[in-house]
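The values are calculated or read from the model by the stated rules, or taken from the named source; none is laboratory data. Predicted model only: the values in this text are computed from it and were never measured. Positions of Cβ are backbone-derived with ideal geometry, glycine not excepted, and every protein chain shown enters the neighbour counts.
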Amino acid sequence: MVDRSGKILVVDDDPSVRALLANTLNTEYEVETAASGREALDKVDSFRPHLILLDIMMPGLDGHATCRLLRAKPAGDTIHVIVVSGKSSFSEQTHAFHCGADDYIVKPFNPIELRSRVHLHFRLRAALASAAAIQAEIETQRTRAQRIAEIQQRELAAAQDAAVFVLAKVAECRDHVTGNHLVRMREYSQLLAEQLRRASPYAGQIDQRFLDDLYRSSPLHDVGKVGIGDAVLLKPGPLTPDEFRRMQEHTILGAQILDEAVWQQHGGKFLAMAATIARYHHERFDGTGYPAGLAGTDIPLPARIVAVADVYDALTSARPYKPVFSPLDSKEMILIESGRHFDPVVVEAFEACFDDFRVIQQELGDHAPEPSVPRPAAPWPLAGDAVQVESVTTDA
């Protein structure tokens, strides 16, 4: 059975040529004819041909202009055009292709060659349609796979975040710290990083990946406290120098725990930043901190950010070893330590977004009254984990 689903429009001002072309093809295809370029363009909208056999030399709208106007139609690019012309020069054929023709047959034509060329264009059309369908299916599958991967990634990230917070809470519960300390710490650190990204010399170091990793890793800053014995960690009175040194080891222990997690995950992504923060968040900008005695920008930026967030939360929160300082007094204490304990650039960012710190503190506070405690004269306790060594309150 002949498949007459293919539609061909024959366009020629010579009735005998139209008849010959139609008779050659109408046993296999549905064929319509047009005597001019204008009639052809009108029939394109109603007949919707797949292939047009187009003469060049026609009165009024010639074949070149007809082809250009056809290509300008919304579906014009989907129709194959074979020019059938008595002109056979290279320049004439080049002009036809420039106007949008797909093929060129010279009159007088051989009917067998004509049918062969028409068959070829319909096979090409079918192949293009098949390729387009396959590509559409590929895009559909890719979109579906991306959605599934995004859902799985979100679920994995949520599971990781939950695991991170549980681990951080284990360390927190062994210390004097209670309530929303970890949540506030994370929010404070994010505020500082976002402010540094907006306006600071460090803006180029902080992209969205940095912000995401910092948000997820900052709660793990004190995870090493799980390795500190209760006799030291929970001691209500002053620590001896030896006990103080033991307390300082929580930075190394935390980094080792997280380094192992990084190794297990072959890179660990945000856990690598968490290990860096755990190790270095007690370094001081003037080089007098621990465990490595790093100074200035040798201290990794995430640790310099978390140091300010951690100290601010410690100052404004109740601890057995220190009073609660008001937000304004705590702010003043941090400003005084710019260039000594803290990176001046991070302190400047802290000052710029201090009002946002207050909002977070009010929303996530532990609902203890905010006593008015006078700011002590230097030296004064400044630490995320201040402990007493003999009679001196200092940083651990």
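Which of the residues that make up the stretch 285-321 are crowded, with 21+ Cβ neighbours inside 10 Å and over 24 Å from Asp207 (Cα atoms)?
Hits for the stretch 285-321 are Gly289, Val311, Tyr312, Asp313, Ala314, Leu315, Thr316, Ser317.
Quick check, is His98 over 23 Å from Ser116 (Cα atoms) and either under 51 Å from the mean Cα position of the chain (by Cα) or in contact (Cβ under 8 Å) with a residue 40 or more places away in the chain (or both)?
Taking the combined requirement at face value, the residue satisfies it.
Six or more apart or on different chains, Cβ atoms under 7 Å: show the pairs whose first residue is in the stretch 351-373 and within 18 Å of Leu182 (Cβ to Cβ) and of a type in the set (Phe, Trp, Tyr) and whose second is modelled with pLDDT of 55 or more and not in a loop (DSSP other than H, G, I, E, B).
Phe357/Tyr188; Phe357/Leu191; Phe357/Tyr312
What about Glu28, is it in a strand (DSSP E or B) and either in contact with a Lys or Arg (Cβ under 8 Å, 6 or more places away or on another chain) or surrounded by fewer than 17 Cβ atoms within 10 Å (Cβ to Cβ) (or both)?
no
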